[in-house]
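Colleague: Attaching a single structure in C-alpha cells format; questions to follow.
Please treat every number below as a calculation from the coordinates, not as lab data. Since the model is a prediction, treat every value here as computed from it, not as a measurement. For neighbour counting, all protein chains shown are included, and Cβ atoms are generated from backbone atoms with ideal geometry for every residue, glycine included.
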C-alpha cells in the first residue's frame, strides 16, 4: 500500500507494510531506491530499533524495582503481544519489523537521514493502561491469560499490534484511540517537524489512512486525558467500605457468630483464589503463601494488590537468572515463557490479580446474601 501526500513545497510517500511479510521488506527497498528521498521516517522508537538490531534491555532490567514501581502489568502486556507477533513472523519466515529495520539500513547505506517518528512503546502502553476504564482493565487482564488451546487467527495485512487493537475496539475503545489515532497524529507531527523536499514514511498498513489525513491537515498532536468514568476509583474505595460495613452490620445484628461467618467467606475466598492463581502460575511455595495471606487484606486497600505482592515476593526471592533475562526477547511461545522465570513472575502478577479481583466481587456478593 502506497500513498502520495502533496504538501505544496514538499512531498511525502507513505508506505503501508505488513510487519511480518517478506514482500514488505522488498517493497520498502524498491520505494526508497525509486523515490530517492532526502529523509526516511520509520514507525519505530529507539528501544524498538535497538531490539530489531539484536539489542535487549531485558538483561539490564531490575524486575523487582519494576514491579515495585507498578510497571509489571505493562511488562506483561508487552511480552504477550511480542509473542503473538513473533508467532506470525515465524509463520511468514520473516522477523517481525524486518521491513522497518531494512528501511533504516538502506537509508544509512545511502547516507539518507533517518527519523524514528513513533512514540516510545512503553509510553504508549502506559498511556493506554492508565486511560482504560475499570471494566476494560478487567476484561483485558482476563484476555491476557494464555490458555494454550486457542489458535489466534489474524489477517496479515496490518501491524499485529494494530490488528489486535482493531479487532478489540468495540470492547476496548481506548486502545484504538491510543494505539492508532494518537500515534497517527504523533508520527505525522514528528515528520513534519523535519526539513525535507521528499520524504518516505514507512508505517504499518493500519496507520496509512489516518497519517495521510493528519499530514494533509498538518494536525498537531496534543496529549490529552481520555475522558472515562471513575468507576475504578469508586470501586477501589467503595469495596473496602462496603465489606467493612457488612462486617460491622453483621456483628451488630448477629454478634460474633455472624461476624465469624462473614470473615470466613471473605478470608476464605480471597485466600483460596489468590493462592490458586499463584499455583497455576507455577510460582514457588513462598509465593503461594504470600498470595494466600495478603489477598484478604490487599483487597481492602486501594493502594496495592495481591498480584503485585505475590509477583514482588517471587521476583525478590526467586529472581530470574541473567540468561533468562537475555532470552525473553527471543521467546516465541507461551510454553517457552512458562519455562522462563521472567514469564513465571509475570504470570503470577496477572493470575493472582485476576483471580483475587474475582474473589473480591464474589465474596462481597455472598456476604450480602447472608442478610437475606
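Colleague: Multiplying the sequence separation of residue 256 and residue 130 by 0.36 nm and subtracting their Cα-Cα distance, what value in nm do you get? Could the numbers behind the result be given before it?
Modeller: Working: separation 126, 0.36 × 126 = 45.36 nm, distance 4.15 nm.
The span from residue 256 to residue 130 would gain 41.2 nm if fully extended.
Colleague: Given a Förster distance of 51 Å, report the FRET efficiency between residue 2 and residue 368 from their Cβ-Cβ distance, rounded to the nearest 0.05.
Modeller: Numbers: r = 60 Å, r/R0 = 1.18.
Plugging the Cβ-Cβ distance into 1/(1 + (r/R0)^6) gives 0.25.
Colleague: Shifting gears a bit: May I ask you to sort 252, 1 by Cβ crowding, counting other Cβ atoms within 10 Å and putting the fewest first?
Modeller: Working: 252 10, 1 16.
Neighbour counts put them in this order, fewest first: 252, 1.
Colleague: Quick one: length gained pulling residue 318 to residue 218 fully straight, 0.36 nm per residue minus the C-alpha distance? Working shown, then result.
Modeller: Working: separation 100, 0.36 × 100 = 36.00 nm, distance 5.11 nm.
Difference between extended and current length: 30.9 nm.
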